[in-house]
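The values are calculated or read from the model by the stated rules, or taken from the named source; none is laboratory data. Owing to the predicted nature of the structure, the values given are computational and were not obtained by experimental measurement. Backbone-built Cβ (ideal geometry, glycine too); neighbour counts: all protein chains shown. Remember, those area values only see protein heavy atoms, side chains included, never the ligands or the DNA or RNA. Shrake-Rupley method; radii C 1.70, N 1.55, O 1.52, S 1.80 Å.
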Amino acid sequence: AQSVTQLGSHVSVSEGALVLLRCNYSSSVPPYLFWYVQYPNQGLQLLLKYTTGATLVKGINGFEAEFKKSETSFHLTKPSAHMSDAAEYFCAVSVQEYGNKLVFGAGTILRVKS
Amino acid sequence: EAGVAQSPRYKIIEKRQSVAFWCNPISGHATLYWYQQILGQGPKLLIQFQNNGVVDDSQLPKDRFSAERLKGVDSTLKIQPAKLEDSAVYLCASSSHSQGTGNTEAFFGQGTRLTVV
């Protein structure tokens with residue numbers, strides 16, 4: 001079955017600094033990969049997704065992620081953090097072989113310091 | 001288009017009581033999910049419906065949890081009797097993919113925050 005590991009339950013950056021949130025997946029077949037963001041007392045909102053094709057995926061709010069099959073990784077980055085980026089971020093994987101069940105990692109809370 | 005609707009937003013009950021949550025997915029979405037999100041953890045899939053059939057309920061505690069999706073549209077999740085460890089946010093999501101999420105996006109409701117005391 002597929003699984004997701006997010007390294008670092010909390011990440012703190014200064015405003016304007018690079019944001020890097022790490023995600024590694026486990027799947028025996030090509031996965032679909034997603035990053036979702038959750039603001040307090042809200043549901044999850046899609047930031048970006050990788051399905052097929054270009055391995056560098058651009059999403060909303062200036063975020064992007066690169067699918068690296070050899071490293072089984074899908075790290076999320078943003079060149080310059082903004083205060084409004086403070087939220088919890090979840091990496092998720094869906095595999096067609098397993099009924100396209102959407103499985104989430106434990107999440108990373110991003111704190112942005114002024 | 002309207003998003004995924006859930007109610008209630010908040011619920012406080014005593015242990016051993018019963019509770020029910022309601023979800024109305026985006027119109028036309030075949031797949032519906034219920035997730036449990038315990039504080040500090042990622043969402044855990046409880047049950048996945050495709051239309052009105054259950055695709056996956058392997059992590060649903062069937063001795064106390066039940067769910068149904070009437071006519072392949074609205075869904076209810078019930079807990080009876082509730083335990084303290086059921087305190088969590090219950091998220092409903094839907095997807096337009098004919099089978100699960102696939103390469104499509106899952107849209108989430110705002111969730112129901114359950115507190116069992």
Query raised in the report: Do you know which residues across the stretch B:20-75 are under 18 Å from B:GLY109 (Cα atoms), facing chain A (nearest Cβ under 10 Å) and touching a residue at least 40 places away in the same chain (Cβ under 8 Å)?
Result: B:THR31, B:TYR33, B:TYR35, B:GLN37, B:PRO43, B:GLN48, B:GLN50
Report task. Among the residues of the stretch A:76-107, write down those that are part of a helix (DSSP H, G or I), more than 7 Å from chain B (Cβ to nearest Cβ) and in contact (Cβ under 8 Å) with a residue 40 or more places away in the chain. Result -> A:MET83, A:ASP85, A:GLU97, A:TYR98
Report summary line: By residue number, the members of the stretch B:65-88 that are in contact with a Ser or Thr (Cβ under 7 Å, 6 or more places away or on another chain) and outside any loop (DSSP other than H, G, I, E, B) are B:ALA67, B:GLU68, B:ARG69, B:LYS78, B:ILE79
Query - strands (runs of 3 or more DSSP E) wholly inside the stretch A:1-73 that include at least 3 residues being under 16 Å from A:SER94 (Cα atoms) - result: A:3-7, A:19-26, A:32-38, A:44-50
Report task. Considering every residue within the stretch A:51-67, establish whether at least one is out of contact with any strand residue (DSSP E or B) (no Cβ under 7 Å at 6 or more places or on another chain), loosely packed, with under 14 Cβ neighbours inside 10 Å, within 11 Å of chain B (Cβ to nearest Cβ) and among the small types (Gly, Ala, Ser). Result -> yes
Query raised in the report: For B:GLY53, all conditions in the list (1) exposed (fewer than 15 other Cβ atoms within 10 Å of the Cβ); (2) within 14 Å of the chain's Cα centre (by Cα) hold save one; what is the number of the exception?
Result: (2)
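Here are B:GLN110, B:GLN41, B:GLN37: which of them is under 12 Å from the mean Cα position of the chain (by Cα), within 22 Å of A:GLY107 (Cβ to Cβ) and surrounded by fewer than 20 Cβ atoms within 10 Å (Cβ to Cβ)?
Working: B:GLN41 fails: under 12 Å from the mean Cα position of the chain (by Cα); B:GLN37 fails: surrounded by fewer than 20 Cβ atoms within 10 Å (Cβ to Cβ).
From the options B:GLN110, B:GLN41, B:GLN37, the qualifying one is B:GLN110.
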Query raised in the report: Looking at this structure, is B:LYS62 of a type in the set (D, E, K, R) and not in a strand (DSSP E or B)?
Result: yes
Query raised in the report: Within the stretch A:33-48, is there a residue that is hydrophobic (A, V, I, L, M, F, W, C), open to solvent by 60 Å² or more (accessible area, probe 1.4 Å) and more than 11 Å from chain B (Cβ to nearest Cβ)?
Result: no
Requested in this report: Those residues that are over 14 Å from A:GLY43 (Cα atoms) and either open to solvent by 80 Å² or more (accessible area, probe 1.4 Å) or free of Cβ contacts under 8 Å to residues at least 24 places away in the same chain (or both), I need them from the stretch B:3-19; list them, please.
Outcome: B:LYS11, B:ILE12, B:GLU14, B:LYS15, B:ARG16, B:GLN17
Query raised in the report: Identify, please: which residue in the stretch B:76-101 is open to solvent by 10 Å² or more (accessible area, probe 1.4 Å) and more than 18 Å from B:ILE12 (Cβ to Cβ) and is, among those, farthest from the other protein chains (Cβ to nearest Cβ)?
Result: B:THR76
Query - Qualifying residue in the stretch B:103-111 (condition: in contact with a strand residue (DSSP E or B) (Cβ under 7 Å, 6 or more places away or on another chain), of a type in the set (Phe, Trp, Tyr), part of a strand (DSSP E or B) and more than 9 Å from chain A (Cβ to nearest Cβ)) - result: no
